[in-house]
Amino acid sequence: MPIVFHKPDNHATLLGELAALCRGGLKPADGRASVTPSGLAALDAALPEGGWPRGAITELIPDTCGIGEIGLLLPALAALSQAGQPLAWVAPPYLPCALGLAQGGIELMQLLLVAARDDREALWAAEQALRCPSFGAVLLWPAAPTDRSVRRLQLAAETSGSIGFLFRPPAAAAAPSPAALRLRLHPRREGLEVQIIKARGGRPHAVVVHPAAATGG
């Protein structure tokens, strides 16, 4: 199945698409857990409260693009999409493989891909998606987001309870960020080293996980 990009240069059209997904998606019940399990036992054991924080932005800072960062998210994204919660991918650096995502358990009908001409458009689209409570997760690849823009995304996620994943280059690790959780990712022979450099209710440390070793989802 091909994946089609939606372009935010026509804001009205994209807002209409988001509104339709919000209406069609399943709104999480009140009192839901504050995290979504990653589906990776070693990672859940290391993350505060045992999973990806809801109502928050998580920054993923890989050494380079394509070292397994999507695999790290795949079990949780699959579980969210199978539960009827849409996923938004905004300004990804490459066109995802539909077959690979489907084999990973993602329901492609729940996937919205958004192309953007610049960071302004990408950040606007991500913020709109994060404000929709029926969205399970929003993934964003901005070129150079400001602290103010990350704070706006954080507030949007807090409003809806959605999960935001913000992919950033290695240089971003040295600078502070309003994001609730920040992870530095390093490839290792035995798996992917996840270095927690910031976490609410946690402390900096590292763990090696194998993205293929999902515990469920």
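The values are calculated or read from the model by the stated rules, or taken from the named source; none is laboratory data. Predicted model only: the values in this text are computed from it and were never measured. Because the Cβ atoms are built from the backbone with ideal geometry, glycine has one as well, and the counts that use them run over all protein chains shown.
Within the stretch 128-183, the set of residues being over 16 Å from Ile197 (Cβ atoms), touching a residue at least 24 places away in the same chain (Cβ under 8 Å) and β-branched (Val, Ile, Thr) comprises Val138, Thr159, Ile163.
Table: residues versus (1) among the hydroxyl-bearing types (Ser, Thr, Tyr); (2) at pLDDT below 85; (3) under 17 Å from the mean Cα position of the chain (by Cα).
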site: Gly16; (1), (2), (3): no, yes, no
site: Arg23; (1), (2), (3): no, yes, no
site: Ala42; (1), (2), (3): no, no, no
site: Ala45; (1), (2), (3): no, no, no
site: Glu49; (1), (2), (3): no, no, no
site: Ile57; (1), (2), (3): no, no, yes
site: Leu60; (1), (2), (3): no, no, yes
site: Tyr94; (1), (2), (3): yes, no, yes
site: Gly105; (1), (2), (3): no, no, yes
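A Cβ distance below 8 Å, combined with a sequence gap of six or more or placement on separate chains, defines the contacts here; from the stretch 42-56, residues that are closer than 22 Å to Ser134 by Cα reach residues that are surrounded by fewer than 16 Cβ atoms within 10 Å (Cβ to Cβ) and among the charged types (D, E, K, R) in the pairs Pro53/Arg200; Arg54/Arg32; Ala56/Arg200. Tell me yes or no: at least one residue of the stretch 141-149 is in contact with a helix residue (DSSP H, G or I) (Cβ under 9 Å, 6 or more places away or on another chain), among the polar types (S, T, N, Q) and under 19 Å from Pro75 (Cα atoms). Scanning the stretch 141-149 turns up no residue that is in contact with a helix residue (DSSP H, G or I) (Cβ under 9 Å, 6 or more places away or on another chain), among the polar types (S, T, N, Q) and under 19 Å from Pro75 (Cα atoms).
Which residue is nearest to Trp52 (Cα to Cα), if the candidates are limited to the stretch 122-148 and must be among the polar types (S, T, N, Q) and assigned to a loop (DSSP other than H, G, I, E, B)? Let's see the steps before the verdict.
Taking the stretch 122-148 and keeping what is among the polar types (S, T, N, Q), we get 128, 134, 146.
The next check asks that each one be assigned to a loop (DSSP other than H, G, I, E, B); those that pass are 134, 146.
Values: Ser134: 17, Thr146: 23 Å.
Step by step, filter the stretch 122-148, then rank; the result is Ser134.
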